[in-house]
Amino acid sequence: MADGSDNIESRSQKPAYQITRFILLRLLGLVYAVAFLIAAQQLIPLIGSHGLLPLDLFLQRVRETVGSDWEGFLRIPSIFWLNHSDAALLTVSWIGFGLACVATAGFGNSILFFLLWALYLSIIHVGQDWYGYGWETQLCETGFLAVFLASPIDPRPFPKSPAPVPVIWLFRWLLFRIMIGSALIKLRGDPCWRDLTALYYYFETQPCPGPLSRWFHFLPRPVLQFGVLFNFLAELVAPWFIFWPRIARHIAGIIIALFFGSLILSGNLSFLDWLTLIPVVACFDDSFWIRFLPARAREFLSLKPASPTKVRIGVSWALVCVIGFLSIPVVQNLLSRRQIMNTSFEDRLQLVNTYGAFGSIGREQYVVVFQGSDSEFPVLNSDWKEYPYRGIPVDLRQMPPLVAPYQLHFDWQMWFASMAGLNEYPWTIHLVWKLLHGDPLATQLFARNPFPDHPPRFVRAMLYRYRFPAPGNSEGRWWERQELQEWFPTVAKDDQRLIQAMELEGWMQYETK
């Protein structure tokens, strides 16, 4: 008696995607769970009623610009137009987390994935500076496609309705745009990608380096140059083969998956790498996955699913037409010498977007370190205590933490702030105000509060250059640093410059409530 794999191979002329759909939707559920957990734990200190960028003030300014709440909703669709209290932020986040856990466990249909998409879209539309990253819109685009990949009604892990092949192709189209966009932005950008030296700097200067980042940084130079070549193999060559027949498509998928596996090991790029593995799954049909399953599972999965209904076929091809139309400016952007990345040309629903990463590579790792002092006249460096971040280096002896797929929104923004100035990141004024008043919402953004009993008398921020020392150095340091300049001037809580800036930005009203 032939086992299930024989039955599947007998249908191999027409690939099936039941297992592919199962894996893809479970992985998406996991990424959604992480994203909603991040929101549940960080939205209040970031955009809550007493957060660094209060949501109430943001919606008020949108309302004043467009004229009404309804017009604001049409411009920025979000459930938080109905209620934007702290309780609402937490409720939406935890509901999303719960639904995502259901999807991760193997249960879900189009209704569940639509709710996940709508709830997360509501969050990123009001997340302001904290949610301006390409992977936020990428999650929305991926989640929208999942609505049409899942069974419309049946929530079981392996529903009778087949996975619609046109939607599988749309996932491959998403992967193609992500990879090609990333490759082209590198080739058109920093010359270190073209001369194969980018990885000489990347592992040391990336946002939130991980435990293995230093090991990667000190690999032999020829190995690092090969890494750049492998980057272009995965981003520029392999994507063209994901539309080919089975063998070429599977090989391309393996190459791309290995590439993202190396990124996961070498740093803390939020859930970006895990998220991009989702469309990679669409490169493989069931003939690939079945080889890794036990005989009983093969026999169960060998049962042929029901034929798709005409309505399901029509909806799938209608989606193809919509995505194809919305892809026109995206393709034009890919072909343009002035290519822009991580942008939506239709920014209300985030259905089709442009992507790209690390078009330029920093040569130095800069860190803004906030410091407080109890001294009446702080002059010496010993008079100051540092606020350590959760992910960005501060303590020279602290091993870089493993954070991803979790994201520390505050740390990421401070990484960008270190390469800019105070004027580009005015919310740091609000942060300093809160530190001077011992605000627990502000201090919880850091790994530790150096003033647990009372707030500091003064606060400032200094800019440092950080570097990896060689492993096994006699002092046991993970980092070495050099002080460069003052990034935020020394202020006390009664400093008139600070008070005027708070009033000008409209934050003072939220501190007196």
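The values are calculated or read from the model by the stated rules, or taken from the named source; none is laboratory data. Since the model is a prediction, treat every value here as computed from it, not as a measurement. Every residue, glycine among them, receives a Cβ derived from its backbone with ideal geometry; neighbour counts consider all protein chains shown.
Taken together, the residues in region 487-511 that are over 34 Å from the mean Cα position of the chain (by Cα) and loosely packed, with under 14 Cβ neighbours inside 10 Å amount to 5. In region 473-486 there is no residue matching the filter, namely being surrounded by fewer than 12 Cβ atoms within 10 Å (Cβ to Cβ) and aliphatic (A, V, I, L, M). Just so you know, in region 368-379 the residues that are touching a helix residue (DSSP H, G or I) at 6+ places or on another chain (Cβ under 8 Å) and surrounded by 18 or more Cβ atoms within 10 Å (Cβ to Cβ) include one that is farthest from Ile429 (Cα to Cα), and it is Ser373. Number of residues in region 247-258 that are closer than 30 Å to Asp411 by Cβ and surrounded by 23 or more Cβ atoms within 10 Å (Cβ to Cβ) equals 1.
Meeting the requirement of 3 or more residues that are in the same structural domain as Phe158 (by TED's automatic domain parsing) and either surrounded by fewer than 18 Cβ atoms within 10 Å (Cβ to Cβ) or basic (Lys, Arg) (or both), the helices (runs of 4 or more DSSP H) wholly within region 263-303 are 295-301.
Within region 1-51, being under 27 Å from Val147 (Cβ atoms), at pLDDT 95 or above and of a type in the set (S, T, N, Q) holds for Thr20, Gln41, Gln42. The condition (being assigned to a helix (DSSP H, G or I), crowded, with 18+ Cβ neighbours inside 10 Å and not aliphatic (A, V, I, L, M)) is satisfied by just one residue among Ser382, Ser316: Ser316.
Selection of region 444-463 for residues being more than 12 Å from Gly372 (Cα to Cα) and either touching a Pro at 6+ places or on another chain (Cβ under 8 Å) or not in a loop (DSSP other than H, G, I, E, B) (or both) yields Gln444, Leu445, Phe446, Ala447, Arg448, Leu463. Scanning region 176-206 for residues that are over 19 Å from the mean Cα position of the chain (by Cα), aromatic (Phe, Trp, Tyr) and in a helix (DSSP H, G or I), which turns out nearest to Ala282 (Cα to Cα)? Here the residue is Trp193.
Looking only at region 214-232, residues that are of a type outside the set (Lys, Arg), in contact (Cβ under 8 Å) with a residue 24 or more places away in the chain and in a helix (DSSP H, G or I) come to 11 in all. If you go through region 385-421 and keep only what is surrounded by fewer than 17 Cβ atoms within 10 Å (Cβ to Cβ) and in a helix (DSSP H, G or I), you end up with just Phe416. Scanning region 44-99 for residues that are of a type in the set (Ser, Thr, Tyr), surrounded by 15 or more Cβ atoms within 10 Å (Cβ to Cβ) and part of a loop (DSSP other than H, G, I, E, B) yields Ser49, Ser78.
Scanning region 126-137 turns up no residue that is at pLDDT 95 or above, part of a helix (DSSP H, G or I) and among the small types (Gly, Ala, Ser). Pairing each residue of region 313-339 that is over 16 Å from Ile178 (Cα atoms) and assigned by TED's automatic domain parsing to the domain that holds Glu235 with any residue that is of a type outside the set (Phe, Trp, Tyr) and in a helix (DSSP H, G or I), provided the two are 6+ apart or on different chains, yields C-beta distances under 6 Å for Ser316/Pro166; Ser316/Val167; Trp317/Pro166; Val320/Pro166. Does any residue in region 356-369 that is part of a loop (DSSP other than H, G, I, E, B) come within less than 6 Å, Cβ to Cβ, of a residue that is modelled with pLDDT under 90 six or more places away or on a different chain, and which pairs are these? From region 356-369, the pairs are Gly356/Met341. Looking at Phe144, Phe203, Phe171, Phe148, just one residue is touching a strand residue (DSSP E or B) at 6+ places or on another chain (Cβ under 9 Å), buried (at least 17 other Cβ atoms within 10 Å of the Cβ) and at pLDDT 95 or above, and that residue is Phe203.
Can you tell me which residue among Glu480, Glu505, Glu475, Glu486 is in contact with a helix residue (DSSP H, G or I) (Cβ under 9 Å, 6 or more places away or on another chain) and of a type in the set (Asp, Glu)?
Glu505
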